[in-house]
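These notes are about the structure you will find just below.
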Amino acid sequence: MAFDIDMIKNTYAQMAQKVDAAKALTGKPLTLAEKILYAHLWDEMPSQPFVRGKDYVDFAPDRIACQDATAQMALLQFMQAGKQKVAVPTTVHCDHLIQAKQGAAADLKRANETSSEVFDFLESVSNKYGIGFWKPGAGIIHQVVLENYAFPGGMMIGTDSHTVNAGGLGMVAVGVGGADAVDVMAGMPWELKFPKLIGVKLTGELNGWTASKDVILKVAGILTVKGGTGAIVEYFGPGATNLSCTGKGTICNMGAEIGATTSTFGYDDAMERFLRATDREEIADEANKIREYLTGDPEVYANPEQYFDQVIEINLSELRPHLNGPFTPDLATPVGELGPKAKENDWPLNVMWGLIGSCTNSSYEDLTRAASIAQQAIDKKLKPKSDFGINPGSEQIRFTAERDGLLSVFENLGATIFTNACGPCIGQWDRSDLLGEEKNTIVHSFNRNFSKRADGNPNTHAFVGSPEMVAAIAISGRLDFDPVNDTLINEDGVEVKLDEPKGLELPPQGFDVEDAGYLEPVEDGSGINVVVSPTSERLQLLTPFEPIQDSELQGVKLLIKAFGKCTTDHISMAGPWLRYRGHLDNIANNTLIGAVNAYNKKTNFVKNQLDGEYGGVPDTQRAYKAKGIRTIVVGDHNYGEGSSREHAAMQPRHLGVAAVLVKSFARIHETNLKKQGMLGLTFANEADYDLIQEDDTFNFVDIADFAPGKPLTIEVVHADGSKDTIMANHTYNAAQIEWYREGSALNLIKKQNA
């Protein structure tokens with residue numbers, strides 16, 4: 001069934017006219033990304049060409065997708081907006097609050113018991129405001145979106161950084177904070193700086209052990225975790241059309257790991273096949289009518305250097321399988337070279353777990369390729385040396401995979417089939433095979449491998465690879481195993497070699513499912529009451545943030561100077577803290593507890609300037625708040641890398657942090673800070689980071705003159721009375737400064753709707 005078909009038809013009906021107008025204005029052929037951007041302007045028809053990386057532009061997305069962990073805060077904010085119904089099609093997907101432990105049935109039962117309050121809240125709010133609701137166990141948001149809602153040429157935003165997965169079906173799909181989503185739900189435009197463009201030309205064809213996952217693992221190694229910041233990555237070339245739709249989705253999904261705004265592919269036969277296989281023939285028929293508008297112009301792809309800001313070329317026929325990690329997804333190593341590198345760095349070679357799934361690699365094709373390796377292990381009498389865990393991407397995939405015998409192959413190998421949910425990928429894993437913070441190695445087909453992410457253990461070395469490579473390495477139990485060249489000894493003492501993986505793009509008998517897990521909202525939800533208990537530990541109605549007054553920005557204290565990588569996991573951890581995602585005050589107790597203090601290289605141990613004592617970051621910040629003292633957080637490069645979670649901005653804001661001053665920001669986090677009425681600033685001179693001392697006090701000298709394009713002057717007063725003056729840059733435009741002056745973007749929406 002094609003959801004929202006009238007909306008899609010309307011988008012397609014206007015696309016040619018809008019794209020043609022944009023081509024006339026710009027006087028050049030357009031990339032696919034540009035076509036979609038110009039076709040989704042808030043002002044309908046293009047009236048001016050935009051400058052990449054400079055102009056802020058208002059867009060009108062077609063739809064919104066939210067997962068349960070971020071939906072709580074997004075919908076709590078939307079409830080304050082004074083609207084009766086969401087302005088665009090919106091869905092909520094319950095996939096984050098299900099912990100992997102025993103297996104699908106037991107884990108889902110336990111989640112429904114322990115998180116019933118949150119699930120009931122999300123279901124009732126969805127019903128009240130016209131939002132489609134996908135029940136716990138229905139699947140992982142991005143796989144469900146790809147199977148049901150994504151469509152070529154569309155624009156979607158989602159409250160999860162891996163919303164970009166829908167680029168595999170030709171969308172411009174962007175991960176945002178909940179406040180951005182609330183704007184669009186409330187009928188407001190979505191603002192984005194017009195992105196730069198990175199073109200990736202793919203030639204050749206995947207073969208042997210190399211998979212779609214290896215494309216993005218290679219790109220991550222080239223661009224690093226911040227190389228795509230502020231840009232859309234567009235894949236094209238004959239190699240691109242040789243990839244399956246879900247393979248394209250995998251590549252786009254991990255584009256979040258290079259900081260890209262999003263990634264996308266032009267509409268092709270593989271996308272058409274996927275649309276028809278997922279019961280969306282009508283969308284395929286409509287897309288075929290405007291096919292040339294759903295991909296980049298031929299002139300662009302023939303001479304990409306003229307139209308993209310950066311071009312990368314990868315020959316798929318020569319691409320080798322990779323494993324990226326540990327601790328960062330851009331540390332790329334071809335599999336055959338990993339052994340010496342691991343020994344040199346003292347990475348544990350013994351692999352304890354192989355995990356397959358997550359939103360990145362949980363499609364039917366992924367399972368078939370991994371199952372082909374698992375079946376070989378059974379046939380060749382190889383007993384796996386590592387534990388196995390499988391997370392199917394959706395109930396439709398799980399049901400179909402069970403029907404086709406794929407799940408039984410994994411079970412015969414001793415694997416645990418977890419719920420159709422995120423599980424270990426986001427730290428929802430009750431791992432019982434370790435003693436404390438034991439040093440160990442795992443391999444997985446997920447997208448992120450930050451320290452502590454999967455299991456909370458800082459000494460778990462996680463490596464990212466394709467599902468088939470994960471299967472092979474888990475069977476061998478060795479990080480240095482290279483299935484392309486190495487052999488294994490089976491239970492009979494015979495030397496055997498694994499054959500190349502085989503997979504099926506789509507199920508030969510078609511997809512099937514008994515209950516997909518979807519609940520349609522009622523037509524009129526005005527009579528539905530959404531109740532939040534004032535004594536709840538899980539949910540808390542929001543109180544609007546008060547504007548930060550200029551006078552409060554004198555005598556600002558340093559809360560923490562973060563050393564090195566500081567992701568959203570460091571600022572607001574997931575794992576067990578997911579239970580508090582709907583309760584701002586409770587989850588604020590994890591604020592910055594993972595950040596490394598530059599002065600003592602410890603986590604959650606900072607100096608309180610009021611009494612000179614050291615303590616946890618949240619406790620120290622609450623002490624400052626009790627005295628009415630504002631604070632500042634100082635950070636390194638790519639601060640806020642990782643997920644879209646706006647909690648990483650809302651928590652410091654709630655506790656009284658006024659400003660974050662860093663060398664550079666990850667895109668989503670910088671926007672989230674702005675939306676919550678905070679100052680997100682960067683050092684004009686990065687070396688000034690070294691001037692900041694532990695007992696410093698900050699005076700924002702010219703905050704009264706806060707204006708677009710004008711750096712702020714900050715006086716840094718040291719404990720000995722000496723001073724340094726530093727300049728702080730910002731990217732606030734006039735509208736964003738108004739958010740700041742009103743206390744938050746939501747406050748401004750409420751004021752305008754009053």
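The values are calculated or read from the model by the stated rules, or taken from the named source; none is laboratory data. None of the values given here were measured: they were computed from a predicted structure. Cβ coordinates were reconstructed from backbone atoms using ideal geometry, including for glycine residues, and neighbour counts include every protein chain displayed. Areas reflect the complete protein model, heavy atoms only, side chains present, ligands, DNA and RNA absent. Shrake-Rupley method; radii C 1.70, N 1.55, O 1.52, S 1.80 Å.
Can you tell me which condition Met271 does not meet? The list is (1) surrounded by fewer than 23 Cβ atoms within 10 Å (Cβ to Cβ); (2) in contact with a Leu (Cβ under 6 Å, 6 or more places away or on another chain); (3) in a helix (DSSP H, G or I), and all the others hold.
(1)
For Ala150, indicate whether it is open to solvent by less than 10 Å² (accessible area, probe 1.4 Å) and part of a helix (DSSP H, G or I). Write out each step before concluding.
Working: open to solvent by less than 10 Å² (accessible area, probe 1.4 Å): yes; part of a helix (DSSP H, G or I): no.
Spelling it out, it is not the case that Ala150 is open to solvent by less than 10 Å² (accessible area, probe 1.4 Å) and part of a helix (DSSP H, G or I).
Here's a check for you: in the stretch 706-754, which residue that is among the charged types (D, E, K, R) and at pLDDT below 95 is least open to solvent (accessible area, probe 1.4 Å)?
The first filter runs over the stretch 706-754 and keeps only residues among the charged types (D, E, K, R), leaving 710, 715, 720, 723-724, 738, 741-742, 750-751.
Still in the running and at pLDDT below 95: 750-751.
Working: Lys750: 66, Lys751: 123 Å².
Filtering the stretch 706-754 for residues that are among the charged types (D, E, K, R) and at pLDDT below 95, the one least open to solvent (accessible area, probe 1.4 Å) comes out as Lys750.
If you scan the stretch 187-221, which residues turn out to be within 19 Å of Phe265 (Cα to Cα), part of a helix (DSSP H, G or I) and not polar (S, T, N, Q)?
Scanning the stretch 187-221 gives Lys213, Asp214, Val215, Ile216, Leu217, Lys218, Val219, Ala220.
Looking at Arg276, Arg320, which one is touching a strand residue (DSSP E or B) at 6+ places or on another chain (Cβ under 6 Å), more than 23 Å from Ala16 (Cα to Cα), at pLDDT 95 or above and surrounded by fewer than 20 Cβ atoms within 10 Å (Cβ to Cβ)? Before the answer, list the steps.
Numbers: Arg276 fails: touching a strand residue (DSSP E or B) at 6+ places or on another chain (Cβ under 6 Å).
After applying the criteria, what remains is Arg320.
Which residues, taken from the stretch 717-751, are in a loop (DSSP other than H, G, I, E, B), of a type outside the set (A, V, I, L, M) and out of contact with any strand residue (DSSP E or B) (no Cβ under 6 Å at 6 or more places or on another chain)? Please lay out each step first, then the result.
The initial filter retains those residues of the stretch 717-751 that are in a loop (DSSP other than H, G, I, E, B), namely 718-722, 730-733, 743-744.
Now narrow it down to the ones that are of a type outside the set (A, V, I, L, M): 718, 720-722, 730-733, 743-744.
Matches in the stretch 717-751: His718, Asp720, Gly721, Ser722, Thr731, Tyr732, Gly743, Ser744.
For every residue, the table says whether it meets (1) among the hydrophobic types (A, V, I, L, M, F, W, C); (2) without any contact (Cβ under 8 Å) to a residue 40 or more places away in the chain.
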site: Asp430; (1), (2): no, no
site: Leu435; (1), (2): yes, yes
site: Lys439; (1), (2): no, no
site: Pro458; (1), (2): no, yes
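Tell me whether the stretch 171-182 contains one or more residues that are in a strand (DSSP E or B), within 22 Å of Val51 (Cβ to Cβ) and open to solvent by less than 10 Å² (accessible area, probe 1.4 Å).
In the first step, residues of the stretch 171-182 are kept if they are in a strand (DSSP E or B); the result is 172-175.
Of the ones still in play, those that are also within 22 Å of Val51 (Cβ to Cβ) are 172, 174.
Subsequent filtering for residues that are open to solvent by less than 10 Å² (accessible area, probe 1.4 Å) retains 172, 174.
Yes; the residues of the stretch 171-182 include at least one that is in a strand (DSSP E or B), within 22 Å of Val51 (Cβ to Cβ) and open to solvent by less than 10 Å² (accessible area, probe 1.4 Å).
When the stretch 114-147 is examined, which residues are found to be polar (S, T, N, Q), surrounded by fewer than 23 Cβ atoms within 10 Å (Cβ to Cβ) and farther than 13 Å from Leu97 by Cα?
Ser124, Asn127
Taking the stretch 346-375 on its own, how many of its residues are touching a strand residue (DSSP E or B) at 6+ places or on another chain (Cβ under 7 Å), aliphatic (A, V, I, L, M) and not in a strand (DSSP E or B)?
2
Could you look through the stretch 153-170, keep only residues that are part of a helix (DSSP H, G or I) and within 16 Å of the chain's Cα centre (by Cα), and pick out the one that is modelled with the lowest pLDDT? Give the derivation first.
Filtering the stretch 153-170 down to residues part of a helix (DSSP H, G or I) leaves 161-169.
Going one step further and asking which of them are within 16 Å of the chain's Cα centre (by Cα), we end up with 161-168.
On the way: Ser161: 92, His162: 96, Thr163: 97, Val164: 98, Asn165: 98, Ala166: 98, Gly167: 98, Gly168: 98.
Looking at the filtered set, the residue picked out is Ser161.
Among the numbered criteria (1) without any contact (Cβ under 8 Å) to a residue 24 or more places away in the chain; (2) farther than 22 Å from Gln396 by Cα, which one does Val174 miss?
Status for Val174: all satisfied but (1).
Given the criteria crowded, with 24+ Cβ neighbours inside 10 Å and closer than 13 Å to Val174 by Cα, does Val219 qualify? Spell out the reasoning first.
Numbers: crowded, with 24+ Cβ neighbours inside 10 Å: yes; closer than 13 Å to Val174 by Cα: no.
So Val219 fails the test.
Please enumerate the residues belonging to the stretch 225-243 that are in a loop (DSSP other than H, G, I, E, B) and open to solvent by 10 Å² or more (accessible area, probe 1.4 Å). Even if it seems obvious, please write down each step before you answer.
First pass over the stretch 225-243, keeping only residues in a loop (DSSP other than H, G, I, E, B): 225-228, 230, 237, 242-243.
Result: Val225, Lys226, Gly227, Gly230, Gly237, Asn242.
Could you check Glu305 against (1) of a type outside the set (A, V, I, L, M); (2) in contact with a helix residue (DSSP H, G or I) (Cβ under 9 Å, 6 or more places away or on another chain); (3) outside any loop (DSSP other than H, G, I, E, B) and say which number it fails?
(2)
Could you tell me how many of the residues in the stretch 327-345 are assigned to a loop (DSSP other than H, G, I, E, B) and open to solvent by 10 Å² or more (accessible area, probe 1.4 Å)? So that I can check it myself, show each step before the final result.
Step one: of the stretch 327-345, the residues assigned to a loop (DSSP other than H, G, I, E, B) are 327-331.
After this cut, where a residue has to be open to solvent by 10 Å² or more (accessible area, probe 1.4 Å) as well, the list is 327-328, 330-331.
Number of matching residues: 4.
Can you tell me which residues in the stretch 196-209 are out of contact with any strand residue (DSSP E or B) (no Cβ under 7 Å at 6 or more places or on another chain) and open to solvent by less than 10 Å² (accessible area, probe 1.4 Å)?
If the condition is that a residue be out of contact with any strand residue (DSSP E or B) (no Cβ under 7 Å at 6 or more places or on another chain) and open to solvent by less than 10 Å² (accessible area, probe 1.4 Å), then no residue fits.
Quick test for you: out of Glu537, Glu520, pick the one residue that is touching a strand residue (DSSP E or B) at 6+ places or on another chain (Cβ under 9 Å) and open to solvent by 50 Å² or more (accessible area, probe 1.4 Å). Walk me through it before giving the result.
Values: Glu537 fails: touching a strand residue (DSSP E or B) at 6+ places or on another chain (Cβ under 9 Å).
From the options Glu537, Glu520, the qualifying one is Glu520.
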